[in-house]
């Protein structure tokens, strides 16, 4: 029965027994088992990634009133495998003047920055991967490596469109990192730890989205910008930059960027679920079996991914200066204010019962959001009046 | 040799080698990328010392922000990414002298120190380094003053940057 309650530990103990029985030293066996665990997780993620291609294409086609892939296999399920074979047998082109090593390293780093995120994802109470006590910062650190991969790709391709795309994308990613990091501190305040498992455990009574809905919203916006997806997909604006930083990549190297982006979106959906929607918790289901807990967290990640896709295929692209102004003049101050308000309210309501704490927190979030929107409305009206006033003056002169 | 020592030696040589490449490569963007790998090596050394928080902060601040800004600055200010001139100037021997004498002095000092051959005492279980660090940074008996002074310095730098970039109409 213990396998069904704690599968990873049971399997590891079983393997350890076999390997030490073969005369391997215990430390070497443990290192080997650790590697096998990582390999298993990565293999499962890559297989999942293949199906994410299918999910993404099916969902976008529904949004655009099409059917999507439907020829190869039932519901087009085998389509991604056909795509992969196509990508693998495509000619691998390196542009003239490209910086070969950097050019080849960039897609690897891009994929890596996504895969290392899964090291800290708690999949079930007993399947924690690594329970890092600085999980929230680790999330940002992995994002930094993703940023690096994009600038490497853009620069090494020796193509001006790629470089412009990389510049835009990196400007957006570096800017939106700030509200994201600020908002990540809000679950940290509630849980008293930056560890992802502690944050999941802290949502025993109520999901953090009900305590701080504004933080959940800001995290989603910042995550979409980090992903470089519409409405923040200025980096690859195909009408002006063709494809952005990955324009020169072909075959499986392009595939790595593409698959990395899909898995990144799914991963951020998962982190949204862990930080604000209770992670593997779902009305005590996680206590029944760790496999159910894994299913719950994957389902929640899928819902988050679906919302990110919904936004991507519904909204238009925002101009780059508007995007950065939105971040620096609206989102960042709002995130900082929210952090201060939440910290203050958390200290103020520390001793009251949860029946007062939760509505108090919720209301302070709603009030703050309303005030922020009101300020934004007034200042944008002023800016519009300025522009229209200038227009009228210019027309009067003609 | 224990596994930890082997990992340390590998990481140390990687870090030093990358550091050497930063100053010897002729291509400025390559120098910035080698700098990133040096900083990453330092982060791994922090992780080996059980300072996970510092390791992650090293990656976030140095790789995620400073190195990216380096690359931006290089790309925005230079027409040609390659440095045509010689790598050394006439004062190379002064630099070499200072480096050699600092190395010699440190070597001389550390030779008499017995800390090198001791093993570190184990971290007590339940010790939360991040918590301790956070408390120390805001505690009046510890580092609240340096922490606040550093914050003021950063604000001054921010205000200065805004002042320089501000376009007066």
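What number goes with the only condition from (1) touching a residue at least 24 places away in the same chain (Cβ under 8 Å); (2) within 21 Å of the chain's Cα centre (by Cα) that residue A:341 does not pass?
The number of the failed condition is (2).
Can residue A:59 be described as in a helix (DSSP H, G or I) and under 25 Å from residue A:260 (Cα atoms)?
When the stated conditions are applied, residue A:59 passes them.
Which condition from (1) surrounded by 10 or more Cβ atoms within 10 Å (Cβ to Cβ); (2) assigned by TED's automatic domain parsing to the domain that holds residue B:39 is the one that residue B:77 breaks?
Among (1) surrounded by 10 or more Cβ atoms within 10 Å (Cβ to Cβ); (2) assigned by TED's automatic domain parsing to the domain that holds residue B:39, residue B:77 violates only (1).
Considering segment B:49-79 alone, what residues qualify as being more than 9 Å from chain A (Cβ to nearest Cβ) and touching a residue at least 60 places away in the same chain (Cβ under 8 Å)?
Residues satisfying the conditions are B:50, B:51.
Which residue, of A:262, A:275, is within 14 Å of the chain's Cα centre (by Cα), more than 25 Å from residue A:362 (Cα to Cα) and assigned to a helix (DSSP H, G or I)? Can you show your working first?
Working: A:275 fails: more than 25 Å from residue A:362 (Cα to Cα).
Answer to the check: A:262.
Taking the conditions exactly as written (surrounded by 15 or more Cβ atoms within 10 Å (Cβ to Cβ), in contact (Cβ under 8 Å) with a residue 24 or more places away in the chain and in contact with a helix residue (DSSP H, G or I) (Cβ under 9 Å, 6 or more places away or on another chain)), does residue A:88 satisfy them or not? Give the steps one after another, and end with the answer.
Details: surrounded by 15 or more Cβ atoms within 10 Å (Cβ to Cβ): no; in contact (Cβ under 8 Å) with a residue 24 or more places away in the chain: yes; in contact with a helix residue (DSSP H, G or I) (Cβ under 9 Å, 6 or more places away or on another chain): yes.
No; evaluated as a whole, the condition is false for this residue.
For segment B:26-43, which residues satisfy the criterion of being farther than 19 Å from residue A:138 by Cβ, more than 9 Å from chain A (Cβ to nearest Cβ) and crowded, with 17+ Cβ neighbours inside 10 Å? Spell out the reasoning first.
Here is the first cut: in segment B:26-43, the ones farther than 19 Å from residue A:138 by Cβ are B:26-35, B:37-38.
Subsequent filtering for residues that are more than 9 Å from chain A (Cβ to nearest Cβ) retains B:26, B:28, B:31-32, B:34-35, B:37-38.
Correct list: B:28, B:31, B:32, B:34, B:35, B:37, B:38.
What number goes with the only condition from (1) more than 14 Å from every other protein chain (Cβ to nearest Cβ); (2) under 15 Å from residue A:41 (Cβ atoms); (3) surrounded by 19 or more Cβ atoms within 10 Å (Cβ to Cβ) that residue A:129 does not pass?
With respect to (1) more than 14 Å from every other protein chain (Cβ to nearest Cβ); (2) under 15 Å from residue A:41 (Cβ atoms); (3) surrounded by 19 or more Cβ atoms within 10 Å (Cβ to Cβ), residue A:129 is out only on (3).
Just checking: which of the helices (runs of 4 or more DSSP H) contained wholly in segment A:138-218 hold 3 or more residues that are within 17 Å of the chain's Cα centre (by Cα), modelled with pLDDT of 85 or more and within 11 Å of chain B (Cβ to nearest Cβ)?
A:160-191
For the condition within 14 Å of another protein chain (Cβ to nearest Cβ), touching a helix residue (DSSP H, G or I) at 6+ places or on another chain (Cβ under 9 Å) and either at pLDDT below 90 or closer than 22 Å to residue B:120 by Cα (or both), what is the one hit in B:46, B:8?
B:46
Right, residue A:57: surrounded by fewer than 14 Cβ atoms within 10 Å (Cβ to Cβ) and under 22 Å from residue A:306 (Cα atoms) or not?
No.
Suppose the filter is away from chain B (no Cβ under 14 Å), more than 30 Å from residue A:130 (Cα to Cα), surrounded by 14 or more Cβ atoms within 10 Å (Cβ to Cβ) and out of contact with any strand residue (DSSP E or B) (no Cβ under 6 Å at 6 or more places or on another chain); does residue A:68 pass it? First the steps, then the outcome.
Values: away from chain B (no Cβ under 14 Å): yes; more than 30 Å from residue A:130 (Cα to Cα): yes; surrounded by 14 or more Cβ atoms within 10 Å (Cβ to Cβ): yes; out of contact with any strand residue (DSSP E or B) (no Cβ under 6 Å at 6 or more places or on another chain): yes.
Answer is yes for this residue.
Which numbered condition trips up residue A:114, out of (1) assigned to a helix (DSSP H, G or I); (2) farther than 24 Å from residue B:43 by Cα?
Among (1) assigned to a helix (DSSP H, G or I); (2) farther than 24 Å from residue B:43 by Cα, residue A:114 violates only (2).
All but one of (1) within 14 Å of chain B (Cβ to nearest Cβ); (2) not in a loop (DSSP other than H, G, I, E, B) hold for residue A:255, so report the exception by its number.
Failing condition for residue A:255: (1).
For residues that are surrounded by fewer than 20 Cβ atoms within 10 Å (Cβ to Cβ) and not in a helix (DSSP H, G or I), scanning just segment A:117-126, find the one that is farthest from the chain's Cα centre (by Cα).
By that ranking, first place goes to A:126.
Only one of (1) exposed (fewer than 14 other Cβ atoms within 10 Å of the Cβ); (2) touching a helix residue (DSSP H, G or I) at 6+ places or on another chain (Cβ under 9 Å); (3) more than 14 Å from chain B (Cβ to nearest Cβ) fails for residue A:44. Which number is that?
(2)
The values are calculated or read from the model by the stated rules, or taken from the named source; none is laboratory data. These figures come from a predicted structure and were not determined experimentally. Here the Cβ is made from the backbone with ideal geometry for all residues, glycine too, and neighbour counts use every protein chain on show.
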